[in-house]
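The values are calculated or read from the model by the stated rules, or taken from the named source; none is laboratory data. Since this is a predicted model, take the numbers as computed values, not measurements. We place every Cβ from the backbone using ideal geometry, glycine too, and count neighbours over all the protein chains shown.
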Amino acid sequence: MNISKHNKEMRIAVLPGDGIGPEIMEQALKVTRAVCEKFGHNVVFKEGIVGAGAIDAVGDPYPAETHELCMQADAVLFGAIGHPKYDNDPNAKVRPEQGLLRMRKQLGLYGNIRPVMTFPSLIHKSPLRKELIEGADFVCIRELTGGMYFGRPQGRSEDGNTAYDTCVYTREEIERILHLAYKFAGQRRKKVTVVDKANVIATSRLWRQIAQELAPQYPDIETDYLFVDNAAMRIIQYPKSFDVLVTENLFGDILTDEASVITGSLGMLPSASIGIHTSLFEPIHGSYPQAAGKNIANPIAMILSAALMFEYGFNLLEEGAVIRNAVNASLEAGIVTEDIAEGGKAYKTNEVGDWITNFIKSQD
Ligand code: IPM
Ligand code: MN
């Protein structure tokens, strides 16, 4: 959607979630408020519960009121969900992650956009050699509401000794995500890499067939095909060879965690989920329960998720750029949390958030 200056209210559903979610969200809201003040947007935040906290409160990780709140909003800012008490309990009836999956499905968020970039001041943090990653800049587009995450049947045999999942994709689901990938590539370096396992898996063969059918509709864009195992290797070995990578749900989940290594910290990378209803913006990292309440988590992935919200959610590019500038300035000034401090002084979550907010306020 488009918000033109001074004349419309931006209604943002705020779902901090579990673990470090609330702490990093607080920083993103400060930054968002500062940007809205600067540009004269009227912003209204409405908070909802989700995840383990929502299970504790009402027995449901994605309650109907939270869904309604998201449906009524212009954008959703999401922190993280997950709690260790569920991770090692294979018999838990309800899990925080189910809330996230239902939210994605019910909001129709079929496209998850995960940009992978490097920050000059963090190049040395990556375990990969500088010359391999310097200048790497690509976008992973992960299909988010299909595949094995949602395919049925899923479960166990009666004796409990056999388990099964089902991977399902329809032509419609594959076409819409591929079109999204081409749209992104058209605005970038004009290359799409379709990642599948078409040598083994039937759904992957349908992906590849449909990609081959669609490619001629985009003659100015190069289409490349990679098997996922090979892609996993090339992401690390030749990250600069990618522009837009598009893939199914589970492959995308795995490859984007891998790709975050290029940036140097999982705490840096934001994502946007877009589709049928309200778009949602969230860090790619999880709820980091060990750090919850300690004021040490890196708020940058969450703050950059707010930047993506302005850019993709509201088509307000200048506002997004102001946030990116401020984040870069904080990195250059060394105002960073312990995950990227590397021997230097480690700042607290709220100190990083305050510094970035003040930087935005202080610029003309
Ligand atoms: C992600 C997460 C989720 C996923 C989990 C928490 C269900 O890993 O957003 O990448 O697998 O999609
Ligand atoms: Mn993941």
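Just a few scattered comments:
- Yes/no for Glu173 being outside the structural domain of Gly275 (by TED's automatic domain parsing), out of contact with any Lys or Arg (no Cβ under 6 Å at 6 or more places or on another chain), buried (at least 19 other Cβ atoms within 10 Å of the Cβ) and among the acidic types (Asp, Glu): yes
- Qualifying residue in the stretch 276-299 (condition: more than 16 Å from ligand 2 (Cβ to nearest atom), under 17 Å from Gly111 (Cα atoms) and either assigned by TED's automatic domain parsing to the domain that holds Phe184 or of a type in the set (Val, Ile, Thr) (or both)): yes
- Within the span defined as the stretch 280-291, every residue fails to be within 14 Å of ligand 1 (Cβ to nearest atom), part of a helix (DSSP H, G or I) and free of Cβ contacts under 8 Å to residues at least 40 places away in the same chain.
- Single residue of the stretch 46-64 satisfying the filter (part of a loop (DSSP other than H, G, I, E, B) and of a type in the set (A, V, I, L, M)) that is surrounded by the most Cβ atoms within 10 Å (Cβ to Cβ): Val50
- Flag if Lys38 is part of a loop (DSSP other than H, G, I, E, B), more than 22 Å from the chain's Cα centre (by Cα) and either at negative phi or assigned by TED's automatic domain parsing to the domain that holds Arg189 (or both): no
- Residues (farther than 18 Å from Leu269 by Cβ, charged (D, E, K, R) and in contact (Cβ under 8 Å) with a residue 12 or more places away in the chain) located in the stretch 109-168: Glu143, Arg152, Asp165
- When residues of the stretch 263-279 are limited to those that are assigned to a loop (DSSP other than H, G, I, E, B) and farther than 20 Å from Arg176 by Cα, the one farthest from the chain's Cα centre (by Cα): Gly264
- In the stretch 139-148, the condition of being modelled with pLDDT under 95 and β-branched (Val, Ile, Thr) is met by no residue.
- Only one entry of Glu319, Glu311, Glu351 meets the criterion of being farther than 24 Å from Val76 by Cα and either within 20 Å of the chain's Cα centre (by Cα) or outside any loop (DSSP other than H, G, I, E, B) (or both), and that entry is Glu351.
- Residues that are outside any helix (DSSP H, G or I) and either surrounded by 15 or more Cβ atoms within 10 Å (Cβ to Cβ) or under 16 Å from the mean Cα position of the chain (by Cα) (or both) within the stretch 117-142 comprise Met117, Thr118, Phe119, Ser126, Leu128, Ala136, Asp137, Phe138, Val139, Cys140, Ile141, Arg142, listed in sequence order.
- Residue in the stretch 248-261 that is within 15 Å of ligand 2 (Cβ to nearest atom), over 26 Å from Ala198 (Cα atoms) and among the small types (Gly, Ala, Ser) present: no
- All positions within the stretch 70-107 that are outside any strand (DSSP E or B), more than 16 Å from ligand 1 (Cβ to nearest atom) and under 20 Å from the mean Cα position of the chain (by Cα): Cys70, Met71, Ala73, Asp74
- Conditions (1) in contact with a Ser or Thr (Cβ under 6 Å, 6 or more places away or on another chain); (2) not assigned by TED's automatic domain parsing to the domain that holds Ser279; number of the one not met by Phe119: (1)
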